[in-house]
Structure formats: structure tokens, C-alpha cells
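Inspection log for the structure reproduced underneath, given as C-alpha cells.
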Ligand SMILES: [Zn+2]
């Protein structure tokens, strides 16, 4: 496959632009991917272990794969109307756990897309995410289910709902990360966010005042959320919404995790400093005695 991220992250039926230099299967590169292995219980590198084998092509001819050698290895031209090819990936560590992908290739309209994947998308969030999302974990899972089936409009709506529910407390928490004395402008903007119920308007009021710790390398997560939320779903296709749903999901998780981590680090630092100063004071008063 030309792109590991396409295999790792793309949802089913979401088209991925792909220029076929020549419509030949053997001209398509094989890449390694990095995904979770159920046997190793960790993220692992997976290698593609078969050749691009077609079991169903544009002429509805069945091709049988036998011991990873395609029975018909001579015919590798991708027909105009496209074909479905089967990719097997094995974990490079345990050499046991296998993932399968079924990819439609269309050299006429220059796209590829997943039409099947085993094991399917995992919608079971890890423990950290469960505790972070709390009551909203149901929306999150529903969003993932929609994404896995290519229902972009549905996924977008679920993730949007999570942001709408958490935005007020999220913006409050961000405020607590700005040093006192430097946060006047933010606090004023925060007050104004309470006068509107529209999430993207709230975000717009504060996105330029984000502390540097949440604004890494020119990537402003609040600005990204504002942009994607302003797009909305009206008149847009499932396909167009899928991409935005993914951005909403990843940006929200990035922001929520970064805020919680920063609050925790700030508290640990303050506690440490408090203890240090306390010890110094103790030493000084001991010396005086
Ligand atoms: Zn493994």
C-alpha cells in the first residue's frame, strides 16, 4: 500500500486519492504498518506477508489464493472498473497475529478504499480515555461505530455533541493553566463565552489566547475545532464529513488529554515547590534556634 496511515486509520468506504503510475498490481509498493497486536498486547510493526492477490476482479472471475501464491499470478493488470485485492499483515514480533484488509482499487477514477477489515475497528476505549470522557463515553463509541461504517455525518454529530457538552469546563480548565497576572485577557474572554450557547462562538472568543503549552508548533487545536465546527454537516456528503469527524475526534482528545496532563503537572510542581520552601523555612528557623 502506498500509505501506512491509510491502512492504520482510514475508515471503511472512505476514498483515498491515489495515482496509479501504471495500473499494475506489482507496481504498488508494500509498506509496514504500526497497529495494536492482540497477542503482544501492545503497538507493533506489521509486515505485509502476501502478494497483492485478487479474489474477485472486474470480470467477476474468482481467483483462489493457495499458500500465499496467487493461482493466477500472470494477470495483475487492474481493470478499468476496478478490483478488490486482499492484503494480509502479520505482527513482526510474535509472527502470529494477523490482520486482513480488503481494498478496492480503481485506476479509472484514481482512488483506493477499504471495503473490509479484520479484526474490525476496535471501539473499546482504553482505561485512561474512559475516565477522561466519563459520561460521554457512549457518544464516543457511537461516533467510532459510525466512522467504521463510513457514516461520516453520524460520526461528526456524535463528536460535536461531546464538544458541546464539555466546552464550558474545558475552557475554564485552560484558564487555570495561565499564570495569574497574565490571564486577565483570557478571563475577560471567558466571561463573554458565557453569554452565548453556540460552541464555535465560545471557542472563537478564546482561541488566540491559548497558553503556549496547548499550542504546539503552530498547531492551534481550538482554531482547528472552530474551523471544523463552523463547516457543519448541512449539504455535505458522508465522505466529506468523515474527514472532519476524524479531525474532531483527534483534536478533542489531544486537547482534553493535554489540559488534564498540564493541570496534573502544574499541581505536582506546585506541591514540590511548596514542600521545598517549607523545608527551607524549617531550616532557617532551626538555625535561629
Ligand atoms: Zn504480536
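Just so it is clear, none of the values below were taken in a lab; they were calculated from the coordinates. Note that the structure is predicted; figures quoted are calculated from it, not measured. Counting neighbours? That spans all protein chains shown, and the Cβs are built from the backbone with ideal geometry, glycine included.
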Determine the relative contact order of the chain: mean sequence separation of Cα pairs under 8 Å and six or more apart, normalised by residue count, in whole percent. 14 percent
If you line up the Cα atoms of the chain on their principal axes, what length do they span on each, largest first, in Å? 92, 51, 34
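Starting from the exponent 0.38 and prefactor 2.2 Å, build the expected Rg for the range 212-270 from its residue count and divide its actual Cα Rg by it. Can you show the working numbers first?
On the way: Rg = 14.5 Å, N = 59, 2.2 N^0.38 = 10.4 Å.
Taking N as the residue count of the range 212-270, the ratio is 1.40.
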Here the tail fraction of P(r) beyond 18 Å, over all Cα-Cα pairs of the range 127-271, rounds in percent to 57 percent
Test of understanding: express the Cα radius of gyration of the range 185-243 as a ratio to 2.2 N^0.38 Å, with N the residue count. 1.31
At q = 0.12, 0.16, 0.23, 0.28 Å⁻¹, what is the log10 ratio I(q)/I(0) for the range 77-149, with the Debye formula run over Cα points and no solvent? -0.53, -0.78, -0.99, -1.13
Quick one: Cα centre-to-centre distance for the range 6-41 and the range 239-289, in angstrom? 38 Å
Using only Cα atoms, tell me the angle between helix 221-231 and the longest principal axis of the chain; keep it within 0 to 90° and round to the nearest 10. 60 degrees
If you average 1/r across every pair of different Cα atoms in the range 238-289 and take the reciprocal, what Kirkwood value do you get, in Å? 14.5 Å
For the range 73-139 and the range 202-221, write down the distance between their C-alpha centroids in whole Å. 33 Å
Peptides ranked, highest mean first, by Cβ atoms within 10 Å: ranges 107-117, 83-93: 83-93, 107-117
Give the span of the range 189-289's Cα atoms along each principal axis, as three whole-Å numbers ordered largest to smallest. 78, 29, 21
On a 0 to 90° scale, report how tilted helix 137-148 is relative to the longest principal axis of the chain, with both axes built from alpha carbons and the result rounded to the nearest 10. 30 degrees
Debye intensity ratio in log₁₀ form over the Cα atoms of the range 150-202, taken at each q of 0.24 Å⁻¹: -0.91
